[in-house]
Amino acid sequence: MTPASFSPTGIRFENIDKRYGGLYALRRVSLEISAGECVAFAGRNGSGKTTLLRIAARLARPSSGTVNFLSGSQEKLETQPTAGFVAHATMAYDELTAEENLLLFARLQGIAQPAARTETLLREVGLVDRRNSLVRTFSRGMRQRIAIARALLNEPAVVLLDEPTTGLDPQGASWFAQTVRQLRDSGRTILMSLHGESEVSALATRAIRLDAGSVVADTRTGANFRSILAFANA
Amino acid sequence: MALLSKAAVLLGKELRTEFRSRELLTTTVVFILTIVVLFSFTFDPSVSESRRFGPGLLWLAFLFAASLMLQPCFLREQTNDTLGALRLSVSDPFAIFLAKLAANTLFLLFTQVLLLPVFSILYNVPVLAAFPQLVLVMFMGSLGLSVTGTALSAISAQARMRELLLPLLLLPLLTPVLIASTEATAALLIPNPAMRWDWLGFLLGFDVVFLTALWLFGEYLLEE
């Protein structure tokens, strides 16, 4: 990954509720994530992991409560999203090439030299030789590489990964773990939702378990750490 | 300016993806041609009948074509969650709407201009005498269809029974646009064509009102 040009940023969730009709996806979630932490969210399907990450990405609005990005001791009020977001879906256009996809999002994000940034990221994710191929011709692993490249276009201080290794073969998952390690080591704050223990979950410095929209366990060390991550498969 | 430049970038994407997949244009052109040809052979109308019923038939065909075109407008952004990526990249969601409605208007106008000569030949109605005025009316009518349809497409894409919801919402809301467009078109197909500025003014008013509403409330239409 390119040298970091961001200021370390944490996130504070305060009393987050998210309701869909009468159903609570999240209930009174309060968390403070320090800058540089690598947090793994675990929990069964429907426990609220994805909803929490989408709220952090500002793709969903909480029914009540607030999310603030913290830079040092300063609370930042962002008009532009701070976080890079990688989901299970590629968030890329099948009918555009890898390069066209990245150029499109770079231009929309107002990046100063979109072509140069695109070139750098295509090299970093190992897709420079396939830059002119349509994304619809890509394998699942290649699609996730494009997703990572798109998420890193504006050099975000916070990276949100929503079940990013689902459907990847062992080689793809290994590449992804290596990328997450580089992101973590560069000082970025990482929030990721995972299903069970994996090469990626081993990189977490904090594990949080969600159940029915509430935080039921939160630890940084100890025997409980692995049990929280393993719980997702239960 | 930032809004317009981002909308232009997005419009480029809309045009590029459409001309690569040709999903919308192919469906729409084939659909409209089928209707116009079918009615021509079924009723074999005289020139005076064509002038009376032609404008209504044309706009009915455009309406159904528009509803076919508008349905996937936001729906196909859900396949890979590209709408999420757009929302993460664009600070003002109105840029997304602006690009989509510009693309829909252009696609619709393209099919209309393509259809006019076919209509003229099959129904024996000369259109060349008032061609520029006809294009203006079609542009204003298409803009009305697109503005309303793009907004409703965003709403219906996130709903259950989305395929049913869009036409249900679209048809009653578009009745004023269809009446105004049909009246303005009819006045241009008579032997001494004249522009009906009153109907054109009505279309302009409709477009401005819905565009303003989209600008003010568009953000909420894209929310999860």
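Here, each number is a calculation from the coordinates, and none is a lab measurement. Only a predicted model underlies this, so the values are computations on that prediction, with no experimental measurement involved. Here the Cβ is made from the backbone with ideal geometry for all residues, glycine too, and neighbour counts use every protein chain on show.
Overall, the ratio between the Cα radius of gyration of the range B:2-221 and 2.2 N^0.38 Å, rounded to two decimals, is 1.03.
For A:L59, no residue whose modelled amide H falls within less than 5 Å of its own remains once neighbours fewer than 5 places apart on the same chain are excluded.
Looking at the range B:94-198, which trypsin sites (Lys or Arg not before Pro) are DSSP coil and have at most 10 other C-beta atoms within 10 Å of their C-beta? Before the final figure, lay out each step's value.
On the way: sites: B:K100, B:R160, B:R162, B:R196; in loops: B:R160, B:R196.
Here the trypsin sites (Lys or Arg not before Pro) that fit, given the DSSP loop and packing criteria, are B:R160.
Counting alpha carbon pairs within less than 8 Å and at least 6 residues apart, what relative contact order, in whole percent, applies to chain B? Once divided by the residue count of chain B, the mean separation gives 27 percent. For chain B, the longest principal axis of the C-alpha atoms and the axis of helix B:2-21 are separated by about 70°. Under a 5 Å amide H cut-off, with hydrogens placed 1.01 Å from N, A:V39 pairs with A:I190, A:L191, A:M192, A:T205 among residues at least 5 apart or on other chains. Neighbours of B:L178, meaning other residues whose beta-carbon lies under 15 angstrom from its beta-carbon, give a summed charge of -1 when Lys and Arg score +1 and Asp and Glu score -1. Could you give me the ³J(HN,Hα) list for the range B:165-170, computed from phi with Karplus coefficients 6.51, -1.76, 1.60 and θ = phi - 60°, whole Hz, x at Gly and Pro? Those phi angles translate into 5, 4, x, 4, 7, 6 Hz. Evaluating 6.51 cos²θ - 1.76 cosθ + 1.60 at θ = phi - 60° for every residue in the range B:94-101, the Karplus couplings come out as 4, 4, 5, 4, 4, 5, 5, 6 Hz, glycine and proline recorded as x. For the pair A:R131 and B:V209, label points projected 7 Å from Cα toward Cβ lie 5.1 nm apart.
Which whole-number percent of Cα pairs in the range A:93-155 have a distance greater than 20 Å? Above the 20 Å cut-off, the range A:93-155 has 13 percent of its Cα pairs. Mind checking which of B:Q71, B:F53, B:A129 is farthest towards the positive end of chain B's charge dipole, using Cβ charges of +1 (Lys, Arg) and -1 (Asp, Glu) about the Cα centre? The one lying farthest along the dipole's positive direction is B:A129. Straight-distance candidates among the aspartates and glutamates for linking to A:K49, with alpha-carbon spacing under 12 Å and chain neighbours fewer than 8 residues away dropped: A:D162, A:E163, A:D211. On a 0 to 90 degree scale, rounded to 10, what angle separates helix A:114-124 from the longest Cα axis of chain A? Roughly 70 degrees between the two axes. Under a Gaussian network description of chain A, with springs only between Cα atoms under 10 Å, the residue in A:D218, A:D17, A:D185 that fluctuates furthest is A:D185. The overall shape of the range B:1-63 is oblate: from the C-alpha gyration tensor, with semi-axes ordered a ≥ b ≥ c, the ratio a/c is 1.5 or greater and a/b is no larger than b/c. Other residues with beta-carbon under 15 Å from the beta-carbon of B:L136 carry, at +1 per Lys or Arg and -1 per Asp or Glu, a net charge of -2.
The local environment of B:R16, defined by Cβ-Cβ distances under 11 Å, has a net charge of -2 under the rule Lys, Arg +1 and Asp, Glu -1.
Given in Å, the Rg to one decimal and the Dmax to the nearest whole number for the Cα atoms of the protein assembly as shown are 25.9, 89.
In plain terms, the bigger the Kirkwood radius, the slower the diffusion; for the range B:55-94, with that radius from Cα pairs, at 37 °C and 0.692 mPa s, Stokes-Einstein puts D at 272 µm²/s. Give me the log10 of I(q) over I(0) for chain A at q = 0.12, 0.13, 0.15 Å⁻¹, as the Debye formula computes it from C-alpha points; what are the numbers? Evaluating at q = 0.12, 0.13, 0.15 Å⁻¹ gives log10 I(q)/I(0) of -0.65, -0.76, -1.01. Considering only beta bridges that DSSP places wholly inside the protein assembly as shown, some 60 percent are antiparallel. Where both bridge residues fall in chain A, DSSP classifies roughly 60% of the beta bridges as antiparallel. The amide H of A:L152, built 1.01 Å from its N in the peptide plane, has no neighbour under 5 Å, considering only residues 5 or more places off or on other chains. Residue-wise HN-Hα couplings along the range A:175-181, as the Karplus relation 6.51 cos²θ - 1.76 cosθ + 1.60 with θ = phi - 60° gives them from phi, are 4, 5, 4, 5, 5, 5, 4 Hz; Gly and Pro carry x.
Can you give the calculated 222 nm mean residue ellipticity of the protein assembly as shown, where each DSSP H run of n ≥ 4 adds -39,500 (n - 2.57) and the sum is split over every residue, rounded to the nearest 500 deg cm²/dmol?
Working: 14 runs with 255 residues, N = 458.
Only helices count here, giving -19000 deg cm²/dmol.
Sort out for me the Cα centre separation of the range B:12-79 from the range B:121-173, rounded to whole Å. Computed from Cα coordinates, the inter-centre distance equals 9 Å. Relative to the longest principal axis of the Cα atoms of chain B, the long axis of helix B:47-75 makes an angle of roughly 10 degrees.
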